Structure formats: structure tokens, C-alpha cells
Amino acid sequence: MERFLKDEMKWAAEESSYAQEAATMQIAFLEAPDFTDVVEEYFGTDDHYRRLQQHLAINPGKGTVIPGTGHIRKVRWADPRRGQGKSFGLRVLYIYVPEVNYIVMLDVYDKGEADDLSPHQKVLLKKIAEATRRDVLALR
């Protein structure tokens with residue numbers, strides 16, 4: 001809980017500068033339907049989810065690229081429901097398509113909900129990433 005509060009306090013101190021920087025960014029967000037269905041469950045409030053979006057808008061390459069998945073990124077994020085900081089909090093999977101400045105939110109889960117990806121899962125994610133990238137680029 002203490003770590004979560006530190007993350008929240010740090011965010012509050014930087015929130016206005018994040019908001020100003022995010023406002024200058026031209027990043028658009030799309031969500032996979034399954035992601036949209038669980039936003040409230042995992043993030044609790046629109047404000048908490050908005051903070052993640054602002055954070056990614058400033059630094060869309062923030063998440064670690066998961067090898068073998070077609071450039072899907074994973075970012076750690078604090079979990080307000082359980083009072084956990086980033087280390088024990090949420091994992092958010094997304095794709096950044098820099099050619100059109102889109103971020104596509106794919107999945108969110110608790111750290112303890114999923115094991116490491118199997119080779120088969122990585123192949124499936126790569127196919128999803130390729131199709132998503134193709135669809136987003138077609139929006140131009």
C-alpha cells in the first residue's frame with residue numbers, strides 16, 4: 001500500500017506537466033473490444049486510466065517490447081483496486097504504430113494472473129499485432 005501511495009503522490013506532483021505535454025502530443029488511442037470491457041474492472045476510475053494514456057502519449061515507447069510478438073509492448077502500471085505499485089500491479093499490453101501516432105490497447109491483467117507467454121501464445125500475438133497494425137495503417 002505504501003508503494004502505491006508513493007506512486008500516486010509522485011503522479012499528483014507531475015500531473016499538470018504530464019497533462020500539458022500530452023496535450024501537445026498527437027497520439028490517438030484505440031482499444032480492443034476485450035480491453036474496453038475490463039477498463040473499469042482493472043483501472044477503477046476513468047481518471048486512473050486517463051493517467052496511463054497521458055503517460056503513454058508522452059512516451060509511447062515506454063513499455064518493453066515482448067520478443068516474438070510483432071512489437072507488442074508491456075508496461076507496468078499501479079493497481080488502484082489492490083493498492084499495489086507498478087511492481088505488483090497491472091500489466092498492460094499495447095501496440096504503438098508510429099507512422100500514424102496510434103496506440104492500440106490490447107489487454108490488461110494483474111501481475112499474478114498470467115505466466116510467461118508460451119511460444120504458441122507469442123505466435124498468436126504476433127498475428128494479432130500484424131493484423132492490428134495493418135488495420136490501423138488503413139485508417140490514414
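The values are calculated or read from the model by the stated rules, or taken from the named source; none is laboratory data. For clarity, every value in this text was computed on a predicted model and none was experimentally measured. Note that each Cβ is placed from the backbone with ideal geometry, even for glycine, and that neighbours are counted across all protein chains shown.
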Residue match in segment 105-112 (condition: more than 18 Å from residue 41 (Cα to Cα), of a type in the set (Lys, Arg) and modelled with pLDDT under 95): no
Boolean, residue 116 is farther than 20 Å from residue 39 by Cα, out of contact with any strand residue (DSSP E or B) (no Cβ under 8 Å at 6 or more places or on another chain) and either at pLDDT 90 or above or part of a helix (DSSP H, G or I) (or both): no
Residue match in segment 71-91 (condition: free of Cβ contacts under 8 Å to residues at least 40 places away in the same chain, in contact with a Gly (Cβ under 8 Å, 6 or more places away or on another chain) and among the aliphatic types (A, V, I, L, M)): yes
Selection from segment 53-103 of residues that are of a type in the set (Val, Ile, Thr) and assigned to a strand (DSSP E or B): 64, 65, 75, 92, 95, 97, 103
